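Just below is one structure, and these are the notes that go with it.
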Amino acid sequence: GAGSLRYGRRACERIGDALRKKPAFHLVVMTSTVLPGATENEIRPVLEQRSGKRCGEGFGLCYSPEFVALGSVVNGLLNPDFVLIGESDRLSGDMLASLYGNLCENSPFVARMNFVNAELTKLSVNTYVTTKITFANMLARICERLPGANVDVVTSALGLDSRIGRKYLKGAVGYGGPCFPRDNLALAFLGRLLGSAATLAEATDSANRQEAQRLAGLVKSKLPRGGVVGILGVAYKPDTDVVEESQGLLLAQSLLAEGISVSVYDPAGMENAQKVLGGSAVFAGSVEDCLRGADVVVIATPWEEFKSISPESLSRQSARRVLIDCWRLLDPEAFETVVDFVALGVGPT
C-alpha cells in the first residue's frame with residue numbers, strides 16, 4: 001500500500017537539473033498520487049538539491065492530483081467537481097489556480113492548502129467512493145435474499161438524502177481499475193504506519209476482494225458439468241481498455257484456475273486481457289461469438305453495446321442458458337422465456 005516514488009524522484013532530478021539553468025521562476029506541479037509527506041519530505045528536497053535553489057524563492061512547487069476517470073479524461077479535466085492544490089507558497093498556488101481558471105470550462109471551486117492536507121484529501125476522496133460502492137454492493141447481496149427486494153429501488157430512495165447522494169450507489173459487482181484499489185490500500189497503510197488503523201478502509205478492501213469469488217461461486221452453481229462460461233466485459237468499466245483488477249477478468253481467472261472453459265468478449269479490452277489470460281481463455285470476436293457456445297453468460301461490465309442483446313440470440317433448442325446480469329442492463333420479462341435470468345441485487349419473486 002505504500003507505493004513507490006522511484007519514477008517521481010527520477011523525473012524531479014531531471015527537472016531540478018533544468019531549473020539550475022533557468023534564471024526565471026518556474027512552477028513544478030506534482031500530479032501523481034502519493035502518501036502524505038511525500039511532496040514535502042521527498043520531492044521538494046530532490047528539486048532543491050538538483051537545482052541549487054530554494055523552493056518558494058527560486059522555484060515554486062504544488063501538489064495537484066488528477067481526479068479524472070478513464071474513459072472521460074478530457075471532460076473530467078475541463079469540468080472537474082473541484083480543483084485540489086497543495087502549495088509551497090501563495091505565489092505558486094496563485095499561478096496554478098490561474099492556469100486552472102483559464103483551462104476549466106465550469107469555474108470549479110479551488111481548494112488550496114498545504115501539501116500534507118492535499119495528499120490526504122486525494123486518498124480520502126477515492127477511499128470514500130470505494131466505501132460507498134461497497135455499501136451498495138452489500139445492500140445488493142441482502143436484496144438477493146429478500147423476496148420482492150430490489151437494490152435499485154432501495155438505492156434510488158437512499159440517494160435522495162442530501163447527506164448521501166446518488167453517485168456510486170449502483171449495487172452490482174466490486175470496483176477495480178488502477179486508482180480505487182490503490183488509494184484504498186494506501187490509506188489503510190498510512191493508518192497502520194501512524195498507529196491509527198483505518199479499519200473502514202481495510203474492511204472495504206476485504207469486502208471488495210470477496211466479490212469476484214462470490215460471483216464465481218454463483219456461476220459454478222449454475223454451470224452444468226463440462227459447461228462453458230461466456231463473460232461479457234473484461235475492462236474494469238465501460239469506455240476504457242484498462243482491465244486492471246476488473247471483476248470480469250478476476251472472474252475469468254478464478255474459473256480458469258479450476259479448469260472451467262471460459263470465453264470472453266469486450267469492446268475495447270481484449271488485447272489487454274490476452275496479455276493477462278494468455279491462451280487459457282477463448283477470445284470471442286463479438287457478443288454473438290461469445291454467446292454461441294456458452295451455457296452460463298455473465299454481463300460483468302455495463303457496456304452500452306450489451307444493452308442491445310436480444311432474447312433470440314440467447315435462445316437454443318437444448319438446455320436453457322443461464323444469464324447473470326450483474327448490472328441489470330436487460331429487461332427480465334423479455335428474457336425469462338428463453339433463459340434462466342439472474343439479476344444481481346434482486347430478490348426472489
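The values are calculated or read from the model by the stated rules, or taken from the named source; none is laboratory data. Treat the numbers as computed from the prediction; the structure is a model and nothing was measured. Counting neighbours? That spans all protein chains shown, and the Cβs are built from the backbone with ideal geometry, glycine included. All accessible areas refer to the heavy atoms of the entire protein, side chains included, with ligands and DNA or RNA removed. Shrake-Rupley method; radii C 1.70, N 1.55, O 1.52, S 1.80 Å.
Observations
- From E66, E87, residue being among the charged types (D, E, K, R) and under 30 Å from G176 (Cα atoms): E66
- Residue among L329, L323 that alone is at pLDDT 95 or above and open to solvent by 30 Å² or more (accessible area, probe 1.4 Å): L329
- Close contacts from region 18-30, counting a first residue that is without any contact (Cβ under 8 Å) to a residue 60 or more places away in the chain and more than 22 Å from L5 (Cα to Cα) and a second that is loosely packed, with under 13 Cβ neighbours inside 10 Å and charged (D, E, K, R), with Cβ to Cβ under 7 Å and a gap of 6+ residues or different chains, come to none at all.
- Among the residues listed as S261, S315, the single one being modelled with pLDDT of 95 or more and either in contact with a strand residue (DSSP E or B) (Cβ under 9 Å, 6 or more places away or on another chain) or closer than 21 Å to P224 by Cα (or both): S261
- Just one of the listed residues (F180, F189) is of a type outside the set (D, E) and in contact with a helix residue (DSSP H, G or I) (Cβ under 6 Å, 6 or more places away or on another chain), namely F180.
Yes/no per residue for (1) within 19 Å of the chain's Cα centre (by Cα); (2) buried (at least 18 other Cβ atoms within 10 Å of the Cβ); (3) within 22 Å of T349 (Cβ to Cβ):
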{"site": "R163", "(1), (2), (3)": "no, no, no"}
{"site": "K167", "(1), (2), (3)": "yes, no, no"}
{"site": "Y175", "(1), (2), (3)": "yes, yes, no"}
{"site": "P181", "(1), (2), (3)": "yes, yes, no"}
{"site": "T204", "(1), (2), (3)": "yes, yes, no"}
{"site": "N208", "(1), (2), (3)": "yes, yes, no"}
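- Residue list for region 188-202, filter: among the hydrophobic types (A, V, I, L, M, F, W, C) and open to solvent by 30 Å² or more (accessible area, probe 1.4 Å): F189, L193, L194, A197, L200
- Selected residue (criterion: most open to solvent (accessible area, probe 1.4 Å)) from residues of region 68-90 that are touching a helix residue (DSSP H, G or I) at 6+ places or on another chain (Cβ under 8 Å) and under 24 Å from H26 (Cα atoms): L77
- Residue tally, condition out of contact with any strand residue (DSSP E or B) (no Cβ under 7 Å at 6 or more places or on another chain) and within 26 Å of Y236 (Cβ to Cβ), over region 39-77: 12
- Checked against (1) on the phi > 0 side of the Ramachandran plot; (2) open to solvent by less than 60 Å² (accessible area, probe 1.4 Å); (3) touching a residue at least 12 places away in the same chain (Cβ under 8 Å); (4) not aromatic (F, W, Y), E245 passes all but a single condition, namely (2).
- Matching residues, region 276-306, being open to solvent by less than 10 Å² (accessible area, probe 1.4 Å), β-branched (V, I, T) and out of contact with any Phe, Trp or Tyr (no Cβ under 7 Å at 6 or more places or on another chain): V296, V297, V298, T301
- Selection of helices (runs of 4 or more DSSP H) fully inside region 44-161 by the criterion of at least 1 residues being in contact (Cβ under 8 Å) with a residue 12 or more places away in the chain, among the β-branched types (V, I, T) and more than 30 Å from R20 (Cα to Cα) returns 115-143, 151-158.
- Residue match in region 294-308 (condition: over 24 Å from the mean Cα position of the chain (by Cα) and free of Cβ contacts under 8 Å to residues at least 60 places away in the same chain): yes
- Considering residues of region 18-43 that are assigned to a loop (DSSP other than H, G, I, E, B) and touching a Pro at 6+ places or on another chain (Cβ under 9 Å) only, the residue surrounded by the fewest Cβ atoms within 10 Å (Cβ to Cβ): T31
- Members of region 269-301 that are under 24 Å from A172 (Cβ atoms) and among the β-branched types (V, I, T): V276, V287, V296, V297, V298, I299, T301
- Complete set of residues in region 333-345 that are without any contact (Cβ under 8 Å) to a residue 24 or more places away in the chain and either part of a loop (DSSP other than H, G, I, E, B) or among the small types (G, A, S) (or both): A334, E336, A343
- Region 269-332 holds helices (runs of 4 or more DSSP H) entirely within its bounds, and those carrying 2 or more residues that are aliphatic (A, V, I, L, M) map to 270-277, 287-292.
- Here A118 fulfils each of the conditions (1) open to solvent by 60 Å² or more (accessible area, probe 1.4 Å); (2) under 26 Å from A186 (Cβ atoms) apart from (1).
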